[in-house]
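The values are calculated or read from the model by the stated rules, or taken from the named source; none is laboratory data. In this text, all values refer to a predicted model and were calculated from it rather than measured experimentally. FYI the Cβ positions are ideal-geometry reconstructions off the backbone, even for glycines, and counts take in every protein chain you see.
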Amino acid sequence: MGEYPVLRRDYSPQQTRKQYRRVAWFYDWWGKLTEQVASDRMLELLAIAPGSHVLEVAVGTGRLFEKIAALIPTGHLEGIDLSPDMLRRARARIEQSGLVTPYRLQEADAYQLPFQDGSFDCLVNAYMLDLLPLEDFPLLLQEFNRVLKPGGKLAIANFSSGEKKINRIWYWLARFAPGLLTNCRPVQLEAALPAAGFELLHHEEISQNTFPSAIALARKVQPD
Ligand SMILES: C[S@@+](CC[C@H](N)C(=O)[O-])C[C@H]1O[C@@H](n2cnc3c(N)ncnc32)[C@H](O)[C@@H]1O
(Lines give C-alpha, C1' and ligand atoms only; values in the text may rest on other atoms or scores of the structure.)
Protein backbone atom coordinates (compact mmCIF):
# COMPACT_ATOMS: atom_id res chain seq x y z
CA MET A 1 0.00 0.00 0.00
CA GLY A 2 3.00 2.25 -0.58
CA GLU A 3 3.04 5.13 1.88
CA TYR A 4 -0.02 3.76 3.68
CA PRO A 5 0.98 0.76 5.78
CA VAL A 6 -1.75 -1.66 6.86
CA LEU A 7 -3.01 -0.51 10.25
CA ARG A 8 -2.46 -2.83 13.20
CA ARG A 9 -5.44 -4.66 14.67
CA ASP A 10 -5.78 -7.27 17.43
CA TYR A 11 -7.88 -10.40 17.48
CA SER A 12 -10.50 -10.15 20.23
CA PRO A 13 -13.67 -12.25 19.87
CA GLN A 14 -15.21 -10.55 22.93
CA GLN A 15 -14.59 -7.11 21.49
CA THR A 16 -15.99 -8.17 18.09
CA ARG A 17 -19.20 -9.51 19.69
CA LYS A 18 -19.56 -6.30 21.68
CA GLN A 19 -19.03 -4.09 18.64
CA TYR A 20 -21.47 -5.97 16.45
CA ARG A 21 -24.09 -6.00 19.23
CA ARG A 22 -23.90 -2.20 19.00
CA VAL A 23 -24.10 -1.88 15.20
CA ALA A 24 -26.28 -4.86 14.19
CA TRP A 25 -29.42 -2.70 13.93
CA PHE A 26 -28.01 -0.41 11.23
CA TYR A 27 -25.50 -2.68 9.54
CA ASP A 28 -27.80 -3.30 6.55
CA TRP A 29 -27.91 0.43 5.82
CA TRP A 30 -24.14 0.72 6.04
CA GLY A 31 -23.80 -2.26 3.70
CA LYS A 32 -26.25 -0.84 1.17
CA LEU A 33 -24.39 2.47 1.02
CA THR A 34 -20.80 1.22 0.93
CA GLU A 35 -20.32 -2.52 0.32
CA GLN A 36 -23.24 -3.81 -1.72
CA VAL A 37 -21.85 -3.06 -5.19
CA ALA A 38 -18.62 -4.96 -4.48
CA SER A 39 -20.43 -7.84 -2.74
CA ASP A 40 -22.82 -8.29 -5.67
CA ARG A 41 -19.95 -8.13 -8.16
CA MET A 42 -18.10 -10.77 -6.13
CA LEU A 43 -21.07 -13.16 -6.40
CA GLU A 44 -21.38 -12.43 -10.11
CA LEU A 45 -17.69 -13.32 -10.64
CA LEU A 46 -17.99 -16.45 -8.53
CA ALA A 47 -20.77 -17.79 -10.80
CA ILE A 48 -21.88 -20.48 -8.34
CA ALA A 49 -23.39 -23.62 -9.92
CA PRO A 50 -26.96 -24.33 -8.66
CA GLY A 51 -26.06 -27.62 -6.93
CA SER A 52 -22.97 -26.34 -5.11
CA HIS A 53 -22.06 -26.80 -1.45
CA VAL A 54 -21.18 -23.31 -0.26
CA LEU A 55 -19.84 -21.88 3.00
CA GLU A 56 -20.10 -18.22 3.91
CA VAL A 57 -17.72 -17.23 6.69
CA ALA A 58 -18.89 -14.17 8.70
CA VAL A 59 -22.45 -13.95 7.38
CA GLY A 60 -23.25 -10.83 9.41
CA THR A 61 -26.94 -9.97 8.98
CA GLY A 62 -27.23 -12.42 6.06
CA ARG A 63 -27.24 -9.92 3.15
CA LEU A 64 -25.12 -12.22 1.00
CA PHE A 65 -26.30 -15.44 2.60
CA GLU A 66 -29.82 -14.84 1.27
CA LYS A 67 -28.49 -14.07 -2.21
CA ILE A 68 -26.32 -17.19 -2.24
CA ALA A 69 -29.28 -19.32 -1.10
CA ALA A 70 -31.27 -18.05 -4.09
CA LEU A 71 -28.44 -19.09 -6.44
CA ILE A 72 -28.19 -22.71 -5.19
CA PRO A 73 -31.74 -24.13 -4.90
CA THR A 74 -30.40 -27.69 -5.32
CA GLY A 75 -27.24 -27.19 -3.31
CA HIS A 76 -26.43 -26.75 0.37
CA LEU A 77 -25.46 -23.60 2.24
CA GLU A 78 -23.62 -23.24 5.55
CA GLY A 79 -22.94 -19.98 7.35
CA ILE A 80 -21.02 -19.02 10.45
CA ASP A 81 -20.42 -15.82 12.40
CA LEU A 82 -18.93 -14.88 15.76
CA SER A 83 -21.69 -12.44 16.71
CA PRO A 84 -25.00 -13.84 18.04
CA ASP A 85 -26.64 -10.46 17.36
CA MET A 86 -25.68 -10.47 13.68
CA LEU A 87 -26.63 -14.15 13.37
CA ARG A 88 -30.09 -13.50 14.85
CA ARG A 89 -30.75 -11.06 12.01
CA ALA A 90 -29.38 -13.46 9.41
CA ARG A 91 -31.71 -16.22 10.70
CA ALA A 92 -34.75 -13.94 10.59
CA ARG A 93 -33.87 -12.82 7.08
CA ILE A 94 -33.49 -16.32 5.63
CA GLU A 95 -36.60 -17.61 7.42
CA GLN A 96 -38.66 -14.77 5.94
CA SER A 97 -37.19 -15.23 2.44
CA GLY A 98 -39.24 -18.32 1.62
CA LEU A 99 -36.17 -19.86 -0.04
CA VAL A 100 -36.05 -23.67 -0.10
CA THR A 101 -32.27 -24.20 -0.18
CA PRO A 102 -31.12 -26.43 2.69
CA TYR A 103 -28.98 -24.31 5.01
CA ARG A 104 -27.49 -24.09 8.50
CA LEU A 105 -26.33 -21.03 10.43
CA GLN A 106 -24.13 -21.41 13.48
CA GLU A 107 -22.00 -19.39 15.85
CA ALA A 108 -18.35 -20.20 15.15
CA ASP A 109 -14.94 -18.64 14.66
CA ALA A 110 -13.24 -18.31 11.28
CA TYR A 111 -9.98 -19.45 12.91
CA GLN A 112 -11.50 -22.89 13.60
CA LEU A 113 -14.20 -23.75 11.11
CA PRO A 114 -16.48 -26.56 12.37
CA PHE A 115 -16.34 -28.49 9.08
CA GLN A 116 -14.41 -31.45 7.74
CA ASP A 117 -11.61 -31.10 5.19
CA GLY A 118 -12.74 -30.76 1.58
CA SER A 119 -16.43 -30.06 2.33
CA PHE A 120 -17.22 -27.14 0.00
CA ASP A 121 -17.19 -26.15 -3.67
CA CYS A 122 -17.09 -22.44 -2.80
CA LEU A 123 -16.25 -20.28 0.20
CA VAL A 124 -17.40 -16.66 0.43
CA ASN A 125 -16.01 -14.15 2.92
CA ALA A 126 -16.88 -10.46 2.90
CA TYR A 127 -15.51 -7.66 5.07
CA MET A 128 -14.10 -9.83 7.86
CA LEU A 129 -10.34 -10.02 7.22
CA ASP A 130 -10.24 -6.22 7.37
CA LEU A 131 -11.03 -6.50 11.12
CA LEU A 132 -8.37 -9.10 11.89
CA PRO A 133 -4.57 -8.95 12.38
CA LEU A 134 -2.60 -8.97 9.13
CA GLU A 135 -0.22 -11.59 10.58
CA ASP A 136 -3.19 -13.99 10.95
CA PHE A 137 -4.15 -13.89 7.24
CA PRO A 138 -1.98 -16.94 6.36
CA LEU A 139 -3.64 -18.97 9.15
CA LEU A 140 -7.14 -17.90 8.14
CA LEU A 141 -6.54 -18.56 4.45
CA GLN A 142 -5.14 -22.00 5.29
CA GLU A 143 -8.30 -22.72 7.27
CA PHE A 144 -10.42 -21.61 4.26
CA ASN A 145 -8.26 -23.84 2.06
CA ARG A 146 -8.72 -26.84 4.38
CA VAL A 147 -12.52 -26.90 4.10
CA LEU A 148 -12.58 -26.39 0.31
CA LYS A 149 -12.56 -29.30 -2.13
CA PRO A 150 -9.53 -29.43 -4.48
CA GLY A 151 -10.26 -26.91 -7.23
CA GLY A 152 -12.82 -25.20 -4.96
CA LYS A 153 -13.28 -21.45 -5.33
CA LEU A 154 -12.69 -18.69 -2.79
CA ALA A 155 -14.34 -15.27 -3.10
CA ILE A 156 -13.28 -12.49 -0.76
CA ALA A 157 -14.27 -8.83 -0.49
CA ASN A 158 -12.52 -6.38 1.82
CA PHE A 159 -12.07 -2.72 2.66
CA SER A 160 -9.13 -1.64 0.46
CA SER A 161 -7.03 1.50 0.08
CA GLY A 162 -8.67 2.21 -3.27
CA GLU A 163 -7.36 3.68 -6.48
CA LYS A 164 -8.62 7.26 -6.24
CA LYS A 165 -7.41 10.07 -4.00
CA ILE A 166 -10.89 10.51 -2.56
CA ASN A 167 -10.79 6.91 -1.28
CA ARG A 168 -8.03 7.90 1.14
CA ILE A 169 -10.47 9.62 3.50
CA TRP A 170 -11.48 6.13 4.63
CA TYR A 171 -7.88 5.25 5.48
CA TRP A 172 -7.63 8.33 7.67
CA LEU A 173 -10.95 7.56 9.31
CA ALA A 174 -9.77 4.00 10.05
CA ARG A 175 -6.57 5.43 11.48
CA PHE A 176 -7.94 8.22 13.66
CA ALA A 177 -11.52 7.09 14.41
CA PRO A 178 -11.36 3.27 14.27
CA GLY A 179 -14.40 2.91 16.55
CA LEU A 180 -16.61 4.56 13.91
CA LEU A 181 -15.69 1.73 11.50
CA THR A 182 -15.89 -1.10 14.08
CA ASN A 183 -12.08 -1.31 13.73
CA CYS A 184 -12.05 -2.33 10.06
CA ARG A 185 -9.26 -0.83 7.94
CA PRO A 186 -7.88 -1.16 4.40
CA VAL A 187 -6.05 -4.44 3.80
CA GLN A 188 -4.42 -6.42 1.00
CA LEU A 189 -4.50 -10.20 1.01
CA GLU A 190 -3.35 -11.27 -2.46
CA ALA A 191 0.26 -11.74 -1.31
CA ALA A 192 -0.83 -14.37 1.25
CA LEU A 193 -2.87 -16.47 -1.22
CA PRO A 194 -0.17 -18.63 -2.91
CA ALA A 195 1.44 -19.76 0.37
CA ALA A 196 -2.03 -20.79 1.62
CA GLY A 197 -2.53 -23.01 -1.45
CA PHE A 198 -4.55 -20.66 -3.67
CA GLU A 199 -4.12 -19.42 -7.22
CA LEU A 200 -5.41 -15.87 -7.73
CA LEU A 201 -7.88 -15.80 -10.63
CA HIS A 202 -9.13 -12.24 -10.49
CA HIS A 203 -8.66 -8.99 -8.56
CA GLU A 204 -10.89 -5.96 -8.85
CA GLU A 205 -11.14 -2.60 -7.07
CA ILE A 206 -14.58 -1.03 -6.62
CA SER A 207 -15.51 2.31 -5.09
CA GLN A 208 -19.06 2.90 -3.83
CA ASN A 209 -19.88 6.36 -2.47
CA THR A 210 -16.08 6.83 -2.08
CA PHE A 211 -15.77 3.66 0.09
CA PRO A 212 -13.07 1.45 -1.52
CA SER A 213 -13.34 -2.35 -1.74
CA ALA A 214 -11.21 -5.05 -3.30
CA ILE A 215 -12.54 -8.35 -4.56
CA ALA A 216 -10.31 -11.40 -4.93
CA LEU A 217 -11.36 -14.60 -6.64
CA ALA A 218 -9.04 -17.58 -6.16
CA ARG A 219 -8.95 -21.34 -6.68
CA LYS A 220 -7.64 -24.01 -4.32
CA VAL A 221 -4.63 -25.47 -6.06
CA GLN A 222 -5.04 -29.16 -6.89
CA PRO A 223 -2.39 -31.38 -5.28
CA ASP A 224 0.07 -32.84 -7.87
C1 LIG B 1 -18.24 -6.00 8.60
S2 LIG B 1 -19.27 -7.36 9.05
C3 LIG B 1 -19.57 -8.15 7.48
C4 LIG B 1 -20.78 -9.03 7.48
C5 LIG B 1 -21.12 -9.70 6.13
N6 LIG B 1 -20.03 -10.52 5.66
C7 LIG B 1 -21.46 -8.67 5.10
O8 LIG B 1 -20.68 -8.46 4.16
O9 LIG B 1 -22.53 -8.05 5.22
C10 LIG B 1 -18.05 -8.39 9.81
C11 LIG B 1 -18.61 -9.66 10.39
O12 LIG B 1 -17.51 -10.52 10.68
C13 LIG B 1 -17.81 -11.20 11.88
N14 LIG B 1 -16.53 -11.70 12.42
C15 LIG B 1 -15.47 -10.98 12.85
N16 LIG B 1 -14.48 -11.78 13.24
C17 LIG B 1 -14.91 -13.05 13.05
C18 LIG B 1 -14.32 -14.33 13.27
N19 LIG B 1 -13.10 -14.46 13.78
N20 LIG B 1 -15.06 -15.42 12.95
C21 LIG B 1 -16.31 -15.31 12.45
N22 LIG B 1 -16.91 -14.12 12.22
C23 LIG B 1 -16.22 -13.00 12.53
C24 LIG B 1 -18.50 -10.17 12.73
O25 LIG B 1 -19.21 -10.76 13.80
C26 LIG B 1 -19.39 -9.49 11.70
O27 LIG B 1 -20.66 -10.08 11.61
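Odds and ends about this structure:
- Some residue of segment 160-180 being within 15 Å of the chain's Cα centre (by Cα) and among the charged types (D, E, K, R): no
- Of the residues making up segment 111-135, just one is near the ligand (Cβ under 9 Å from one of its atoms) and charged (D, E, K, R), namely ASP130.
- Tally of residues being small (Gly, Ala, Ser), surrounded by fewer than 21 Cβ atoms within 10 Å (Cβ to Cβ) and part of a loop (DSSP other than H, G, I, E, B) across segment 81-99: 1
- So ILE156, is it under 24 Å from LYS32 (Cβ atoms) and part of a strand (DSSP E or B): yes
- Test: residue in segment 12-30 that is out of contact with any Cys (no Cβ under 9 Å at 6 or more places or on another chain), over 18 Å from ALA214 (Cα atoms) and not in a helix (DSSP H, G or I): yes
- Take the conditions (1) free of Cβ contacts under 8 Å to residues at least 24 places away in the same chain; (2) touching an Asp or Glu at 6+ places or on another chain (Cβ under 6 Å); GLN96 misses just one of them, which is (2).
- Taken over segment 113-128, residues that are among the small types (Gly, Ala, Ser) and under 17 Å from the mean Cα position of the chain (by Cα) amount to 1.
- Screening GLN106 against (1) farther than 26 Å from GLN188 by Cα; (2) more than 15 Å from the ligand (Cβ to nearest atom) leaves a single unmet condition, (2).
- Answer residue from segment 146-158, given it is in contact with a helix residue (DSSP H, G or I) (Cβ under 8 Å, 6 or more places away or on another chain) and in contact (Cβ under 8 Å) with a residue 60 or more places away in the chain and is farthest from the ligand (Cβ to nearest atom) among those: LYS153
- Residues of segment 35-47 that are more than 10 Å from the ligand (Cβ to nearest atom) and either in a helix (DSSP H, G or I) or crowded, with 20+ Cβ neighbours inside 10 Å (or both): VAL37, ASP40, ARG41, LEU43, GLU44, LEU45, LEU46.
- Of all residues in segment 51-71 being among the small types (Gly, Ala, Ser) and over 12 Å from the mean Cα position of the chain (by Cα), the one that is farthest from the ligand (Cβ to nearest atom): GLY51
- When segment 159-181 is filtered for residues that are in a loop (DSSP other than H, G, I, E, B) and either surrounded by 18 or more Cβ atoms within 10 Å (Cβ to Cβ) or free of Cβ contacts under 8 Å to residues at least 40 places away in the same chain (or both), the ones remaining, listed by number, are SER160, SER161, GLY162, ALA177.
- Flag for THR61 being over 26 Å from LEU33 (Cα atoms), assigned to a loop (DSSP other than H, G, I, E, B) and of a type in the set (S, T, N, Q): no
- All conditions in (1) modelled with pLDDT under 95; (2) near the ligand (Cβ under 8 Å from one of its atoms); (3) among the aliphatic types (A, V, I, L, M) hold for VAL100, with the sole exception of (2).
- Which listed residue is more than 14 Å from the ligand (Cβ to nearest atom) and at pLDDT 95 or above, from GLU190, GLU199, GLU143: GLU199
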